Amino acid sequence: MMPSPWVQRWSHLIVPGGRVLDVACGSGRHVRWFAERGHPVTAVDRDVEATRPLHAVAEVVNADIEGGPWPLGDRHFDAIVVTNYLWRPLLPVLLGRLAVGGVLLYETFADGQATVGRPGNPDFLLRTGELLDIAAGLHVVGYENGFLDGPPRFVQRLAAVQAHFSGERPVRYPLAPAPAFQGGAEGG
């Protein structure tokens, strides 16, 4: 499975070589993607079989993060990635583990999803604007709440930074990655 286009789009905000936490990582599409880009990755999921292949590329922590204690203590991360997962009691823990300058990339199902598929339980669907409420205190760089085709789904997604004060000049969070150097001589 390919990484989420949302995660790909905003990953340039993560400091090069920054520590990435993938919460409820499943089979690890984002774990692999970030590891391939030089990030040390910690993968958390309760499914031992699904995460077994990830040991070669990441630190894997198998834990029930809904029914047990937070397994990573007070460790902080330069990015926290959550896709297709929502457990509201965990949200304050995740926000508390985001390093200064760290990036929260969150994408999951939203109100309306029950009309097109699973999940249908409102406990696992974000309410309109809920990610913005959760990210209060972070610098929101990107946010969407709407419908996507292929497969049909209602989603809410957020890219936000645990901002830090840099003096009198505001921090610039680019909305697109810097263009790659293409080579060749500069015009003159």
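Scanning region 19-45 for residues that are among the hydrophobic types (A, V, I, L, M, F, W, C), touching a helix residue (DSSP H, G or I) at 6+ places or on another chain (Cβ under 8 Å) and either without any contact (Cβ under 8 Å) to a residue 60 or more places away in the chain or open to solvent by 60 Å² or more (accessible area, probe 1.4 Å) (or both) returns Cys25, Val31, Trp33, Phe34, Val41, Ala43.
Matching residues to (1) within 15 Å of Gly17 (Cα to Cα); (2) within 14 Å of the chain's Cα centre (by Cα):
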| position | (1), (2) |
| --- | --- |
| Gly38 | yes, no |
| Val41 | yes, yes |
| Tyr85 | no, yes |
| Arg88 | no, no |
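Taken together, the criteria exclude Leu72 from residues that are in contact with a helix residue (DSSP H, G or I) (Cβ under 7 Å, 6 or more places away or on another chain), modelled with pLDDT of 95 or more and open to solvent by less than 30 Å² (accessible area, probe 1.4 Å).
Can you tell me which residues in region 40-57 are of a type in the set (D, E, K, R) and either within 20 Å of Ala160 (Cβ to Cβ) or not in a strand (DSSP E or B) (or both)?
Start the filter on region 40-57 by keeping residues that are of a type in the set (D, E, K, R), which leaves 45-47, 49, 52.
If the condition is that a residue be of a type in the set (D, E, K, R) and either within 20 Å of Ala160 (Cβ to Cβ) or not in a strand (DSSP E or B) (or both), then Arg46, Asp47, Glu49, Arg52 are the ones that fit.
When you look at Tyr143, is it hydroxyl-bearing (Ser, Thr, Tyr), out of contact with any Cys (no Cβ under 7 Å at 6 or more places or on another chain), modelled with pLDDT of 95 or more and part of a loop (DSSP other than H, G, I, E, B), yes or no? Taking the combined requirement at face value, the residue does not satisfy it. Candidates Val60, Val48: the one that is open to solvent by 50 Å² or more (accessible area, probe 1.4 Å), without any contact (Cβ under 8 Å) to a residue 40 or more places away in the chain, among the aliphatic types (A, V, I, L, M) and more than 23 Å from Gly142 (Cβ to Cβ) is Val48. Here region 112-147 is the region considered, the condition is being open to solvent by less than 40 Å² (accessible area, probe 1.4 Å) and among the hydrophobic types (A, V, I, L, M, F, W, C), and the residue that is farthest from Leu90 (Cα to Cα) is Val141. Collect the residues in region 4-17 that are buried (at least 19 other Cβ atoms within 10 Å of the Cβ) and in a loop (DSSP other than H, G, I, E, B), keeping them in residue-number order. Residues satisfying the conditions are Ser4, Ile14. Listed by first and then second residue, the pairs with beta-carbon distance under 6 Å, at least 6 apart or on different chains, first residue in region 113-126 and at pLDDT below 95, second in a helix (DSSP H, G or I), are Gly120/Ala114.
The values are calculated or read from the model by the stated rules, or taken from the named source; none is laboratory data. None of the values given here were measured: they were computed from a predicted structure. A quick note on method: Cβ atoms are made from the backbone with ideal geometry, for glycine too, and the neighbour counts reach across all protein chains shown. Heavy atoms of the whole protein, side chains included, go into the accessibility calculation; ligands, DNA and RNA do not. Shrake-Rupley method; radii C 1.70, N 1.55, O 1.52, S 1.80 Å.
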